[in-house]
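Everything on this sheet refers to the single structure shown next.
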Amino acid sequence: MRQPLRTTATALSIAALLALLELFRTTLTRILEGNPATGPEFLHRVIPMWVTVVIASPWCAFMTSRFPFRPGRTARTLFAHFGGAGVFVALHLSLILLFHWVMANARFGSNAIVDLPTGHRLLHMYAFYVGMEMSVYAAIVMVLLLLQARREAAEREVATARLAQSVTAARLESLQAQIHPHFLFNTLNTLAVLARRGDGPAVDRAIGDLGAMLRASFESPGRHELSLAEEIAFVERYLSLQRLRFPDRLAVDLQIDAETLDARVPALLVQPLVENALEHGLATARGGRLRISARRDAGVLQIEVADDGPGFGAAMAADASGIGLANIRERLQLLYGAAGELTCGDAPAGGGRVRVRIPWRTVDRTEIAT
């Protein structure tokens, strides 16, 4: 119901604008010709002509809504609007005659004989008006069709954007769902190693850390970004589990600039990078150091995870199609497009290094609290 009313209001506005322009043109032309229109002439001839156009304009709105232009239906639509223009002329002419009849009755009384055109006179009058009136109909309908096409294009853009957003969200959910069981299985493997050692207190601490991590990772399943502070807290719990697994082989160096703690990062971004370094780097070495750094570089947040293990090489190729780096690359592309970048390789001093660069954005403290 709202759309037809809007189209009708638009048609009335267009007709009113055409009427004002024509009244201005007529007045200016008569003045330039030295024959300005008198008040009675304006009242009984010029103004009724264009006021009745405005009154008849809802018919244009009806025809536009009933017969929009669509591919494959152009001839049918043109034929319909040609007939609609003929009806518009007849409707306008009827309104003009009705106006003159009312004015005559108001002036001379109900007993006055009003000479309204009939027969050949009425047909001649219709033929006289038809050219100009059809052009008025065409002007109103064309503007309505252009506005309608613009509105439909905007609606299609919104629908396309919503569809793309929903597809992106679904894909992100799928990718994060891949991370969850992968991380869980590796952590359970750590618990199994501790249990075989018979280290009860360590198992108790590990179960506590695991419960906290699972609660943090699953309590907001639709949240694709969080603060770096939250991500680092999650990673620290993960590292506490890994220190139980590698008690004498893991040293961690955190170099997180304070200003980066409120930066917005993808959920479960750093933990898979740390896991990759442990599994493909330090786990094969007799001992090693893991360095996690974050800093702001103008409008970019740079996060780096490096280890002093054997480096990438074959390990990088093996992981490229698996859960870790390939998963993160795809999530960065979905969230940031070309602005999200992940590079990996060997550090100059040896060992592996993975670097992530994403646009600098911060989260609100209220968002962190919830």
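Values in this text are rule-based calculations from the coordinates and carry no lab data. Computed from a predicted structure; not experimentally measured. FYI the Cβ positions are ideal-geometry reconstructions off the backbone, even for glycines, and counts take in every protein chain you see.
Taking 0.36 nm per intervening residue step and subtracting the Cα-Cα distance, what contour gain separates Asn35 from Phe185 on full extension? Numbers along the way, then the final one.
Values: separation 150, 0.36 × 150 = 54.00 nm, distance 9.56 nm.
Extra length from Asn35 to Phe185 when fully extended: 44.4 nm.
Mind giving me the nanometre distance, one decimal, between the label points for Ala338 and Thr77, set 7 Å out from Cα along Cα→Cβ?
3.6 nm
Given a Förster radius of 30 Å and the C-beta distance between Arg70 and Ser135 as r, what FRET efficiency does 1/(1 + (r/R0)^6) yield to the nearest 0.05? Don't skip to the end; give the middle numbers.
Details: r = 24 Å, r/R0 = 0.80.
Efficiency for this residue pair is about 0.80.
How do the peptides 298-304, 71-77 rank, highest first, by the average count of neighbouring beta carbon atoms within 10 Å per residue?
Values: 298-304: 15.4, 71-77: 9.9.
Per-residue Cβ counts within 10 Å, averaged per peptide and sorted highest first, yield 298-304, 71-77.
Starting at the first residue of the range 77-93, write each ³J(HN,Hα) from the Karplus equation 6.51 cos²θ - 1.76 cosθ + 1.60 with θ = phi - 60°, in whole Hz, x for Gly and Pro.
5, 4, 4, 5, 6, 5, x, x, 5, x, 5, 4, 4, 5, 5, 5, 4
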